[in-house]
Amino acid sequence: RKEVEQDPGPFNVPEGATVAFNCTYSNSASQSFFWYRQDCRKEPKLLMSVYSSGNEDGRFTAQLNRASQYISLLIRDSKLSDSATYLCVVNIAGSGGYQKVTFGTGTKLQVIP
Amino acid sequence: DAGITQSPRHKVTETGTPVTLRCHQTENHRYMYWYRQDPGHGLRLIHYSYGVKDTDKGEVSDGYSVSRSKTEDFLLTLESATSSQTSVYFCAISESSGIGGYTFGSGTRLTVV
């Protein structure tokens, strides 16, 4: 089983729609969680951290479910500019203070006019 | 955006030749990382550095070496390039180990022929 798993998609949604992605992780000792956005042929960019209580940034909401070991990203009122690949990232504490960071392979979102 | 630059942006090289990729930061961050990104695999850690002259291996370090002689520069060397090392290479920086997320450079597209 992969440490971090995402549905590769693509998710094709109309403008204005609400879309949600899930990401499952296998290590229950995972400590911190992030969502990154990666545009085609560009570098990943941090979208938001995921906190235990859930957090929101404008149209984006991130949730963490430790019991079921998944995180989610909800995008409301989708814009054409939201078209990208969304990477899930999970950190696990390692030795000497180093955190092992594992990236998912990403979920591709295509917002259609 | 954070000051992190990679060079070259694109490179084509022949099998068996050594190749060095450069990552330069102006943020004075302690941690620097080299990742490769391939379809179906996501981002995989090659090597990382937690200070000047302090480096360690990641999950796909075979065939690669790194050096960090100054805080701002992290070099990745492919000792004898192979076709399996054709990939997109990303450098990343962080203030602390994984906490708070990474900032990535724009990437280097390397083709080994």
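The values are calculated or read from the model by the stated rules, or taken from the named source; none is laboratory data. Note that the coordinates shown come from a computational prediction; the quantities given were computed from them, not determined experimentally. Because the Cβ atoms are built from the backbone with ideal geometry, glycine has one as well, and the counts that use them run over all protein chains shown.
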Report summary line: Only unsatisfied item for B:Tyr50, checking (1) closer than 26 Å to A:Lys2 by Cβ; (2) of a type in the set (Ser, Thr, Tyr); (3) within 12 Å of chain A (Cβ to nearest Cβ), is (1)
Query - Filter result for A:Gly54 (surrounded by 15 or more Cβ atoms within 10 Å (Cβ to Cβ) and of a type outside the set (A, V, I, L, M, F, W, C)) - result: no
Report task. Out of A:Glu5, A:Glu43, report the one residue that is in contact with a Gly (Cβ under 7 Å, 6 or more places away or on another chain), surrounded by 13 or more Cβ atoms within 10 Å (Cβ to Cβ), of a type in the set (Asp, Glu) and under 12 Å from A:Thr107 (Cα atoms). Result -> A:Glu5
Query raised in the report: If you go through segment B:66-110, how many residues are out of contact with any helix residue (DSSP H, G or I) (no Cβ under 9 Å at 6 or more places or on another chain) and either farther than 24 Å from A:Tyr36 by Cα or away from chain A (no Cβ under 14 Å) (or both)?
Result: 20
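Residue-by-condition table, conditions (1) surrounded by fewer than 16 Cβ atoms within 10 Å (Cβ to Cβ); (2) in contact (Cβ under 8 Å) with a residue 40 or more places away in the chain:
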| residue | (1), (2) |
| --- | --- |
| B:Leu45 | no, no |
| B:Val52 | yes, no |
| B:Thr55 | no, no |
| B:Lys70 | yes, no |
| B:Cys91 | no, yes |
| B:Gly100 | yes, no |
**Report entry** Output for segment A:16-39, where each listed residue is modelled with pLDDT of 95 or more and assigned to a loop (DSSP other than H, G, I, E, B)
**Finding:** A:Gly16, A:Ala17, A:Thr18, A:Asp39
